[in-house]
1. Return the total of residues in the stretch 297-311 being buried (at least 20 other Cβ atoms within 10 Å of the Cβ) and more than 18 Å from residue 41 (Cα to Cα).
2. Of 20, 29, which residue is surrounded by 21 or more Cβ atoms within 10 Å (Cβ to Cβ) and in the same structural domain as residue 116 (by TED's automatic domain parsing)?
3. Kindly indicate whether residue 47 is over 16 Å from the mean Cα position of the chain (by Cα) and either surrounded by 17 or more Cβ atoms within 10 Å (Cβ to Cβ) or at pLDDT below 85 (or both).
4. Being more than 15 Å from residue 247 (Cα to Cα) and not in a helix (DSSP H, G or I) is the filter; apply it to the stretch 301-323 and report the residue that is nearest to the chain's Cα centre (by Cα).
5. Residues of the stretch 92-119 being within 24 Å of residue 63 (Cα to Cα) and not in a strand (DSSP E or B), which ones?
6. Scan 24, 59, 89 and give me the residue that is touching a strand residue (DSSP E or B) at 6+ places or on another chain (Cβ under 6 Å) and not in a helix (DSSP H, G or I).
């Protein structure tokens, strides 16, 4: 199969997935596209949104459409690393009377993990999940257990309730490929949501893509070429946020800018954005399209920005307006 045909197949699969999810999810098309971008990049996503916006339903429905094993972990202050990864238990052989240890796999042994309210558990447990995200494996009692592929973690955070939480450190936030913000639906969308959820009908989702096909896409998208102009645009965009050589109009609002992982993520996400649109070429517009979810959790605003009510999205908007395009 030629590369152009492969890209068209990816775009067709994306349309099928979006069509299936529209049976249960009203609107949120950009959120679905951002989730699939992270999945095809072998990355992980952080979803930030107030309660009641169907975050759990969206993720579980996505797992159904993708024919992947889904696991939801509710993060609480008393959650331990073994509650996520699994633990060794002692078993006794009835016939011989001998005892031995057997490893019981935890909920992290799935393809799509919903880490609900990840900032409600202490750093020790957060670190256990982040290790699995980075290494795609779990170590328990000196043994290493590989996690199933594809492995996709989606963490959620509630932006309006911070009491009793353990915010993720900046270095750990950087491990997430994207941060996806979910907002309230429009009035028309909310009417449709209420109509669907108060009727007796339950939509049945069909599986439209397999795990093997997802792994194939993950391999293929990295082969999409990036012209020097798009590559330079992504690198320059990130450099604008760094002290001391960044853009003065940008760094005045930041205590810390984005690192090299941001540049890597912009280019890879740009490749996937082009593929989802059916193109085997990356343009600066593809980098622009993914800038918000890739950069918003990697920029650390300073006191001046907080005092002025300047958000990371405001800063990214200013960066995109000021970044030179060739």
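The values are calculated or read from the model by the stated rules, or taken from the named source; none is laboratory data. No experiment lies behind these values; they were computed from the predicted model shown. Note that each Cβ is placed from the backbone with ideal geometry, even for glycine, and that neighbours are counted across all protein chains shown.
1. 1
2. It is 20.
3. no
4. 311
5. 106, 107, 108, 109, 110, 111, 117, 118, 119, listed by residue number.
6. Going through 24, 59, 89 in turn, just one is touching a strand residue (DSSP E or B) at 6+ places or on another chain (Cβ under 6 Å) and not in a helix (DSSP H, G or I): 89.
Matching residues to (1) under 30 Å from residue 10 (Cβ atoms); (2) over 19 Å from the mean Cα position of the chain (by Cα); (3) assigned by TED's automatic domain parsing to the domain that holds residue 121; (4) in contact (Cβ under 8 Å) with a residue 60 or more places away in the chain:
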position	(1), (2), (3), (4)
185	yes, yes, yes, yes
193	yes, yes, yes, yes
200	no, yes, yes, no
208	yes, yes, yes, yes
214	yes, no, yes, yes
229	yes, yes, no, yes
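Per-residue answers, yes or no, for (1) surrounded by fewer than 19 Cβ atoms within 10 Å (Cβ to Cβ); (2) out of contact with any helix residue (DSSP H, G or I) (no Cβ under 9 Å at 6 or more places or on another chain); (3) closer than 30 Å to residue 210 by Cβ:
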| position | (1), (2), (3) |
| --- | --- |
| 74 | yes, no, yes |
| 85 | no, no, yes |
| 91 | yes, yes, no |
| 98 | yes, yes, no |
| 105 | yes, no, yes |
| 112 | no, no, yes |
| 121 | no, no, no |
